[in-house]
Amino acid sequence: MTAAIDAIDLASRLIACPSVTPATGEVFEILEAALAGIGLEVHRFVLGEAPDGPVENLFATRGGEGTHFGFAGHLDVVPAGDGWASDPFTPEVRGGLLYGRGSVDMKSAVAAFAAACSDLSEHQGRISFLITGDEEGPATYGTPAIMEWMAERGIRPDMILIGEPTSDSRLGDIAKIGRRGSVNMWIDVPGVQGHVAYPHRADNPIPKLGRIVSALDALHLDDGNETFQPSNLEMTAVETGSKTTNVIPGSARIQLNIRFNNLQRGEDLVALVRRTVAAEAPDAIVRAKISGEAFLTPPGRLYELVTEAIRAETGIAPELSTSGGTSDGRYLIKLCPVVDFGLPNATMHKLDEAAAVEDIYALQRIYARILRMALA
């Protein structure tokens, strides 16, 4: 008989590890010990070099033939920042809240699922954990590397639940059945540096940059559809190399991000931006990085399991949404149906990040219900 895992205790021990992305080491040792203690076979591997690595990943599994239920998540966190009321990596319960970086996004969900597995000492089918040390960063050696490791061994879950914090005003009000895609772009506009009193000897890139901004801002991408909100293009930074009042800069740069729905494809949006930029400044250089395509899990058994478990525990039916940012579901959807569900997300990435203790325990109970129904 394996010892039960207490979700708050495990979450606290994970939070105490300052696992700023990309994460390796102690935080994985703690999770490995917890999972091995409840009978899971644990595999850990480190890949990559700076700047995108090294990254540690973990795959753990228990069970045999039958439905294979996967839980995906991450142990890396964003930097804490200054101004916390208490040390961000010294977990503390105050007023019914567990404070610490990662309490919401998403160490408490990892702990809650581990605790749910410890509640389910006997089951049919198979349970697996797919845990990365790089979800908050470029993810070059994160979840895609776990998927490659699994493919080499012929491992493929039937469904995957991701423990990202999806709830809004209360636990269970929102689960994510898809996510928008994301592409970052950088537009370099060349010019010729010179003295502002002799503009004929220079080529000011800023007017060209202004025309590009106006043209991009005028683009209408789409109106959305029944499952996705409209795609949106947002300029996120404008830079020049000059900080001096009497110098025409030699170059200028625009940075932008497009969050797009399943009416669009990343490469088509990149091509659209390139055409738009070329019309205003043919010598401008456009670079792009597609972080992930939009995805949608079709209605099916996983929808039903998550909805039924949330309703049974909280009394509410979750909204099945595609709003918000992206998740590693953009990769995992290639394997099987994927749904994201976790804690309320109001304080994720913020100072004094905190999750309600009762929400963490309730999340454990919801996860346990999902597992019991999935593996029955």
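Numbers below:
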item	result
Counted residues, segment 342-376 - those being within 20 Å of the chain's Cα centre (by Cα) and more than 29 Å from A85 (Cβ to Cβ)	1
Top-ranked residue in segment 285-295 [being surrounded by fewer than 17 Cβ atoms within 10 Å (Cβ to Cβ) and within 20 Å of the chain's Cα centre (by Cα); ranked as farthest from C336 (Cα to Cα)]	K289
Unique match (being modelled with pLDDT of 95 or more, assigned to a loop (DSSP other than H, G, I, E, B) and crowded, with 20+ Cβ neighbours inside 10 Å) among S118, S128, S103, S108	S103
Condition broken by P299, with the remaining ones in (1) surrounded by 15 or more Cβ atoms within 10 Å (Cβ to Cβ); (2) not in a strand (DSSP E or B) satisfied	(1)
Given (1) modelled with pLDDT under 95; (2) over 23 Å from V339 (Cα atoms); (3) surrounded by fewer than 16 Cβ atoms within 10 Å (Cβ to Cβ), index of the condition P282 fails	(1)
Residue match in segment 245-263 (condition: part of a helix (DSSP H, G or I), among the small types (G, A, S) and either in contact (Cβ under 8 Å) with a residue 24 or more places away in the chain or at negative phi (or both))	no
Identity of the residue in segment 212-222, in contact (Cβ under 8 Å) with a residue 12 or more places away in the chain and outside any helix (DSSP H, G or I), that ends up surrounded by the most Cβ atoms within 10 Å (Cβ to Cβ)	L221
Extreme residue, farthest from G325 (Cα to Cα), among residues of segment 223-235 that are in contact (Cβ under 8 Å) with a residue 24 or more places away in the chain and not small (G, A, S)	N225
Evaluation of V273 against (1) assigned to a helix (DSSP H, G or I); (2) crowded, with 18+ Cβ neighbours inside 10 Å; (3) without any contact (Cβ under 8 Å) to a residue 60 or more places away in the chain (one fails), failing number	(3)
Any hit, segment 147-157, residues being buried (at least 24 other Cβ atoms within 10 Å of the Cβ) and touching a residue at least 24 places away in the same chain (Cβ under 8 Å)	no
Hits in segment 36-93 - residues which are of a type in the set (D, E), at pLDDT 95 or above and either part of a strand (DSSP E or B) or closer than 28 Å to D158 by Cβ (or both)	E41, E56, D76, E92
Number of positions in segment 308-330 that are surrounded by 21 or more Cβ atoms within 10 Å (Cβ to Cβ) and assigned to a helix (DSSP H, G or I)	4
Flag for L209 being at pLDDT 95 or above, part of a loop (DSSP other than H, G, I, E, B), closer than 19 Å to N184 by Cα and hydrophobic (A, V, I, L, M, F, W, C)	no
Among residues of segment 235-255, those that are under 18 Å from L219 (Cα atoms) and in contact with a Ser or Thr (Cβ under 6 Å, 6 or more places away or on another chain), counted	1
Segment 349-376, residues that are in a loop (DSSP other than H, G, I, E, B) and small (G, A, S)	A376
Residue check, A346 out of contact with any helix residue (DSSP H, G or I) (no Cβ under 9 Å at 6 or more places or on another chain), among the small types (G, A, S) and part of a helix (DSSP H, G or I)	no
Test: residue in segment 247-270 that is at pLDDT 95 or above, farther than 27 Å from P138 by Cα, touching a helix residue (DSSP H, G or I) at 6+ places or on another chain (Cβ under 6 Å) and surrounded by 15 or more Cβ atoms within 10 Å (Cβ to Cβ)	no
Close pairs from segment 1-23: first at negative phi and at pLDDT below 95, partner polar (S, T, N, Q) and not in a loop (DSSP other than H, G, I, E, B), Cβ under 8 Å, at least 6 apart	T2/S118; A3/S118; A4/S118
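Here is a yes/no grid of residues against (1) aromatic (F, W, Y); (2) under 19 Å from E353 (Cα atoms); (3) surrounded by fewer than 17 Cβ atoms within 10 Å (Cβ to Cβ); (4) under 22 Å from the mean Cα position of the chain (by Cα):
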residue	(1), (2), (3), (4)
C17	no, yes, no, yes
G37	no, no, yes, no
L40	no, no, no, no
E56	no, no, no, yes
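The values are calculated or read from the model by the stated rules, or taken from the named source; none is laboratory data. For clarity, every value in this text was computed on a predicted model and none was experimentally measured. Cβ: placed from backbone, ideal geometry, glycine included. Neighbour counts: every protein chain shown.
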